[in-house]
Amino acid sequence: GGPTGPLGGFISVTKNSIIEYSNNGIQAPNSHSGISILNSIMRENGMAIYAKGPGGSSYSSGVNVSFSQISNAAGRSKPVLILLNGSDVSIESSSLTNFGGASITGVKSYNARVSIKNGTIIDDFDFGIDKELNGGFGIGLSIQKSKIINCITAIRNTSSGVSAKFNFLDGFVKNFGKAYGTWFANNF
């Protein structure tokens, strides 16, 4: 694919599949037409997912993680578990767990939308979510009915348009620049 749109392929990981012991997990460095992880496990990988998309005001093909468990490897983890550059991500009813030690980020997103919802747990990272720049149309960061626990910084956000409702956020919450939005019924 290329930078003007999601021209790459699509991958769907389903039905209790396991991706393990790789250095880089799933990689889409030149854009993609979708990455879906459903009811599966990614464990003991250096990095789980790296995806690039068009970002900005374009709808990007997204990374969708549902009912899955994702963790990294002790001793050989990359600095970020899920890295997104211009590619939207939706994580629902899943868990992200750090076994890689200090200074690891759970989800790092540049210039795209991040949606965390419905009982997702992000556990034991230096940064649970590190979100920079706006992405897509509408809200840049949406977190609902989820937990970010045992993190030094639960959320670092520089994008405008936040919707955070009914969450448990354990760690610092840092908003910079034009970051604004709705924060409702959260436990800090």
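Scanning the stretch 177-185 turns up one or more residues that are surrounded by 18 or more Cβ atoms within 10 Å (Cβ to Cβ) and in contact (Cβ under 8 Å) with a residue 12 or more places away in the chain.
Restricting the stretch 156-170 to residues that are polar (S, T, N, Q) and assigned to a loop (DSSP other than H, G, I, E, B) leaves a set whose member that is nearest to Phe184 (Cα to Cα) is Asn167. Any idea which of (1) surrounded by fewer than 22 Cβ atoms within 10 Å (Cβ to Cβ); (2) part of a loop (DSSP other than H, G, I, E, B) is the one Pro54 doesn't satisfy? Tallying (1) surrounded by fewer than 22 Cβ atoms within 10 Å (Cβ to Cβ); (2) part of a loop (DSSP other than H, G, I, E, B), Pro54 fails exactly one: (1).
Among the residues of the stretch 1-32, how many are of a type outside the set (Val, Ile, Thr), open to solvent by less than 50 Å² (accessible area, probe 1.4 Å) and modelled with pLDDT under 95? I'd like the intermediate steps shown before the answer.
Filtering the stretch 1-32 for residues of a type outside the set (Val, Ile, Thr) gives 1-3, 5-10, 12, 15-17, 20-25, 27-32.
Subset that is open to solvent by less than 50 Å² (accessible area, probe 1.4 Å): 2, 5-6, 8, 17, 22, 25, 28, 31-32.
Next, only the ones that are modelled with pLDDT under 95 stay: 2, 5-6, 8, 22, 25, 28, 31-32.
Here the count works out to 9.
Here the stretch 112-155 is the region considered, the condition is being among the basic types (Lys, Arg) and in a strand (DSSP E or B), and the residue that is nearest to the chain's Cα centre (by Cα) is Lys131. Against the conditions (1) open to solvent by less than 10 Å² (accessible area, probe 1.4 Å); (2) at pLDDT below 95; (3) under 11 Å from the mean Cα position of the chain (by Cα), where does Val162 fall short? Just the number, please. Status for Val162: all satisfied but (3). Scoring Gly86 on the criteria (1) modelled with pLDDT under 95; (2) at negative phi leaves a single failure, condition (2). Listed by first and then second residue, the pairs with beta-carbon distance under 7 Å, at least 6 apart or on different chains, first residue in the stretch 91-113 and over 15 Å from Met47 (Cβ atoms), second of a type in the set (Phe, Trp, Tyr), are Ser93/Phe67; Ser94/Phe67. Across the stretch 71-111, the qualifying residues are those that are more than 10 Å from the chain's Cα centre (by Cα) and not in a loop (DSSP other than H, G, I, E, B), and the one among them that is farthest from Asn39 (Cα to Cα) is Tyr110.
The values are calculated or read from the model by the stated rules, or taken from the named source; none is laboratory data. This is a predicted model, so every value here is computed, not measured. For neighbour counting, all protein chains shown are included, and Cβ atoms are generated from backbone atoms with ideal geometry for every residue, glycine included. These accessible areas exclude ligands, DNA and RNA; they are computed on the full protein's heavy atoms, side chains included. Shrake-Rupley method; radii C 1.70, N 1.55, O 1.52, S 1.80 Å.
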